[in-house]
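This report refers to the structure that appears directly beneath it.
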Amino acid sequence: MEQRHLGRTGLRVSRIGLGTLTWGRDTDEHDAADQLKAFWDAGGTLVDTADVYGGGDAEYLLGQLVERLVPRRDLVIATKAGSVPDPDRRFDGSRGHLLSALDASLERLGTDYVDLWQVHAFDPGTPLEETLQALDIAVSSGRARYAGVSNFCGWQLAKAATWQLASPGVRTRIASTQMEYSLLQRGVEREVLPAAVDLGVGLLPSSPLGRGVLTGKYRHATPADSRGASDQLAPFVEPYLDEAASRIVDAVVTAADGLAATALQVALAWVRDRPGVVAPIIGARNAQQLTAALSVEALTLPDEICRALDDVSAPIHRYPDQDWSTL
């Protein structure tokens, strides 16, 4: 699998990442092991998790599999901290919480360091410079090799990345930002992606298949074994089952038919090769699903197909996101 630099850093990662959102909850140890082995065999290196996935079980499960199945040196392990199970405070970006969470993650993962440590979301209740200081401490102490953010809007990302660049050699550069991005969700193109490209921050798209909808599986009905049929995940899928999404899915299926490919491959290749994107994060139910996604490595979309998909899924950009002089 092709490797790409993560933002403006020396860290190289596979251009498809393996997500572990369901590990330890819906994905058991056997299926997780099959996925990790298939991913590694395909040349994948970037494995993304978080301290809240499965209440910590995803990290623990990954830690049990590393070395037993795959050498630690062959993986780029990314985890996140900052989300908390508190209805009154969903995110805690305080220095104390983040560093304690990192230590707990390292213990569950069974490793001395993570390759990429990410702040899971912006915390409006904590000064941003305090949150960013936790990243500096994590890297300077050797507990993390690189640092990133997740779910930061445009101004939040720009402020964080600029703050970290203000004193080179003292602060840790923001290497990445993880955001939802797909043909069904192109909101990051307004401000987040331009800021990321300008500041040398690599984008790691989550839900690159539109929460599974872009595979075409929901075109006629909801499969019984799908996330859309799950009590826990149905509300996650439902926003992308409207008429506008249906038109985009139909276009993806049409393109796939013309290329003798699958809708999954077309949708994933589109987001993988967008400017500023480093590695879409794929979450699969089993190794068979993952292998189907990894087969996208052989596909590059023709320019005319990309333009057609761009047109059918184009988000509405109005003032002040587009050049005001043309309005």
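The values are calculated or read from the model by the stated rules, or taken from the named source; none is laboratory data. Nothing here was measured: the structure is a model prediction, and the numbers come from that model. Here Cβ is always computed from backbone atoms with ideal geometry, including for glycine, and neighbour counts include all displayed protein chains. Side chains included, ligands, DNA and RNA excluded: accessible areas come from the protein's heavy atoms. Shrake-Rupley method; radii C 1.70, N 1.55, O 1.52, S 1.80 Å.
Things to note:
- The criterion of being modelled with pLDDT under 95, in a helix (DSSP H, G or I) and not small (Gly, Ala, Ser) does not hold for Pro223.
- Taking the numbered list (1) under 18 Å from Gln178 (Cβ atoms); (2) among the small types (Gly, Ala, Ser); (3) at pLDDT 95 or above in turn, Ala284 passes all entries but (3).
- Candidates are the residues of the range 1-32 that are assigned to a strand (DSSP E or B) and of a type in the set (A, V, I, L, M); the one that is surrounded by the most Cβ atoms within 10 Å (Cβ to Cβ) is Leu18.
- Scanning the range 169-189 for residues that are assigned to a loop (DSSP other than H, G, I, E, B) and either modelled with pLDDT under 95 or among the polar types (S, T, N, Q) (or both), we see that the one that is surrounded by the most Cβ atoms within 10 Å (Cβ to Cβ) is Thr172.
- Just one of (1) open to solvent by 20 Å² or more (accessible area, probe 1.4 Å); (2) without any contact (Cβ under 8 Å) to a residue 60 or more places away in the chain fails for Gly63. It is (1).
- Residue ID - most open to solvent (accessible area, probe 1.4 Å), chosen from residues in the range 142-168 that are part of a strand (DSSP E or B) and closer than 24 Å to Asp48 by Cα: Arg145
- Selection status of Arg68, part of a helix (DSSP H, G or I), open to solvent by 10 Å² or more (accessible area, probe 1.4 Å) and either within 20 Å of Gln178 (Cβ to Cβ) or free of Cβ contacts under 8 Å to residues at least 24 places away in the same chain (or both): no
- The set of residues in the range 43-94 that are of a type in the set (D, E, K, R) and closer than 16 Å to Ser105 by Cβ comprises Asp48, Asp51, Asp57, Glu59, Arg72, Lys80, Asp92.
- With respect to the conditions (1) out of contact with any Lys or Arg (no Cβ under 7 Å at 6 or more places or on another chain); (2) closer than 24 Å to Met179 by Cβ, Ala32 falls short on a single one, namely (2).
- Selection of the range 35-54 for residues being surrounded by fewer than 18 Cβ atoms within 10 Å (Cβ to Cβ) and either of a type in the set (D, E, K, R) or modelled with pLDDT under 95 (or both) yields Lys37, Asp41.
- Within the range 71-106, being surrounded by 17 or more Cβ atoms within 10 Å (Cβ to Cβ) and of a type in the set (D, E, K, R) holds for Lys80, Asp92, Arg95.
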